[in-house]
Amino acid sequence: MGGTFPRGATAIAGLATFGLGECPGWTSLEMAAKAGQLAVADAGLTMREVDGLFICLPDDVLAGLSLAEYLGLSPRFTDCNRTGGSAFMSHVATAATMLAAGYIDTALITYGSNQRSGGGKLSTPVGSNAWEAPYKPLFPASSYALAASRHFHQYGTTRRQLAEVAVAARAWANGNPEAFAQGPLGIDEVLAARMLSSPISVRDCCLVTDGAAAVVMTRIDRARDAPRPPVPVLGAAAATWHNAISQMGDLTTTAAAESGPRAYAMAGIGPGDVDVVELYDAFTINTILFLEDLGFCPKGEGGRFVEDGAIAPGGRLPVNTNGGGLSCCHPGMYGLFAIVEAARQVRGEAANQIPGVDIALAHGNGGALSSQATVILGSAATI
């Protein structure tokens, strides 16, 4: 049995993004540091007030030590938990618990990656898994293609429905000046795209970009004194069910089916109370799986749920309002950007602002649908 989450006791007081798209000449560490500095300033604080440092970099397993040194900090606590793109939602859970307990006073969660300008790729051959490597899959694309194939077989989901996800993401991106991918994108163009790992085409895949993001968390009483409206953390839960896709028990159900209900229970809400949804859309199948597992539609109905622009601007449910990993940015790991967009929506300052957002959900995914983590943010009116 788990303990009690400190609902509304802590809040995001500052946030920032930096270098989205292409940021040549910057290292991942430098980008994370810059985003951190911007977020601390946004919170009206100084860097020396940061005593909890949470970071996950793509190229430094001791990133907490490196960033502390780079910024001249001596934090009481450093967390380099790395579960892929879900790590940052776990950082929020840890930071909220530690802040509420008085163990730390100011938490900085930051990330940066120069994946695009550094010549990184989205998919590479699997070489580390002895059980999967003989089949020559592309990692991670073939893992997600396997899940999509099973969903197609079991529930009748189609490539056209996957294309609806990509088209919706682009429509949101076209209203966001920060988004890297701009311009028209239609269903037929997605369906005609080059196949990468069937049934996943290149248009079903996230971007490869540079980018950095950061949030600053503190206790709610202190956050109320910040220059911008506080964004209380209502719930945060994580779940890990496997690492390799070959060990996934059910290819159509992810650990979001566990993290989501736990986060809802902490927040005292249900899916119907959520005003805006920010999902980790590394591939179009992700959005469909997570909409199901997080309770926005029944299992197997995700493909039909997204049809006819249902998650695009003007649709029934605003999903990935910044353009997501498919069209806004995806610098190696996207989770923190989903958190930032959710917080911006609550603060009323998003590029594609949804009117009257009181509750926003940000969900992160790591590995091959391996680690799932859900954060629920609220407005001041929710506590």
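For residues that are among the polar types (S, T, N, Q) and assigned to a helix (DSSP H, G or I), scanning just segment 10-38, find the one that is nearest to Ala95 (Cα to Cα).
Selected residue: Gln37.
Only one of these is touching a residue at least 40 places away in the same chain (Cβ under 8 Å), in contact with a strand residue (DSSP E or B) (Cβ under 7 Å, 6 or more places away or on another chain) and among the acidic types (Asp, Glu): Asp42, Asp79. Name it.
Just one listed residue meets the conditions, Asp42.
One line per residue, one yes/no per condition, for (1) within 24 Å of the chain's Cα centre (by Cα); (2) under 16 Å from Leu57 (Cα atoms):
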{"residue": "Gly84", "(1), (2)": "yes, yes"}
{"residue": "Ala87", "(1), (2)": "yes, yes"}
{"residue": "His91", "(1), (2)": "yes, yes"}
{"residue": "Ala95", "(1), (2)": "yes, no"}
{"residue": "Tyr111", "(1), (2)": "yes, yes"}
{"residue": "Pro137", "(1), (2)": "no, no"}
{"residue": "Pro140", "(1), (2)": "yes, no"}
{"residue": "Ser143", "(1), (2)": "yes, no"}
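Quick one: which of Gly19, Gly64 is open to solvent by 10 Å² or more (accessible area, probe 1.4 Å), of a type outside the set (D, E, K, R) and at pLDDT 95 or above?
Within the list Gly19, Gly64, the selection yields Gly19.
Being of a type in the set (Val, Ile, Thr) and within 21 Å of the chain's Cα centre (by Cα) is the filter; apply it to segment 22-61 and report the residue that is surrounded by the fewest Cβ atoms within 10 Å (Cβ to Cβ).
Across segment 22-61, the extreme among qualifying residues is Val61.
Would you confirm, using the coordinates I've provided, whether Thr252 is modelled with pLDDT of 95 or more and open to solvent by 10 Å² or more (accessible area, probe 1.4 Å)?
No.
Mind listing whichever residues of segment 252-303 are touching a strand residue (DSSP E or B) at 6+ places or on another chain (Cβ under 9 Å), part of a loop (DSSP other than H, G, I, E, B) and hydroxyl-bearing (Ser, Thr, Tyr)?
Thr254, Tyr280
Among the residues of segment 66-119, count how many are of a type in the set (A, V, I, L, M, F, W, C) and assigned to a loop (DSSP other than H, G, I, E, B).
Looking only at that region, the number is 3.
Can you name every residue in segment 358-383 that is open to solvent by less than 10 Å² (accessible area, probe 1.4 Å), part of a loop (DSSP other than H, G, I, E, B) and closer than 19 Å to Met266 by Cβ?
none
Residue check: is Arg228 within 23 Å of His363 (Cβ to Cβ), basic (Lys, Arg) and either part of a loop (DSSP other than H, G, I, E, B) or open to solvent by 50 Å² or more (accessible area, probe 1.4 Å) (or both)?
Against the criterion (within 23 Å of His363 (Cβ to Cβ), basic (Lys, Arg) and either part of a loop (DSSP other than H, G, I, E, B) or open to solvent by 50 Å² or more (accessible area, probe 1.4 Å) (or both)), Arg228 does not qualify.
Being buried (at least 24 other Cβ atoms within 10 Å of the Cβ), part of a helix (DSSP H, G or I) and among the hydrophobic types (A, V, I, L, M, F, W, C) is true for just one of Ala171, Ala166. Which residue is that?
Within the list Ala171, Ala166, the selection yields Ala166.
If I filter segment 178-213 down to residues being assigned to a loop (DSSP other than H, G, I, E, B) and hydroxyl-bearing (Ser, Thr, Tyr), which single residue comes out as surrounded by the fewest Cβ atoms within 10 Å (Cβ to Cβ)?
My answer is Ser198.
The values are calculated or read from the model by the stated rules, or taken from the named source; none is laboratory data. The structure displayed is predicted, hence computed values, not measured ones. All Cβ positions, glycine included, derive from the backbone under ideal geometry; neighbour counts span all protein chains shown. Areas reflect the complete protein model, heavy atoms only, side chains present, ligands, DNA and RNA absent. Shrake-Rupley method; radii C 1.70, N 1.55, O 1.52, S 1.80 Å.
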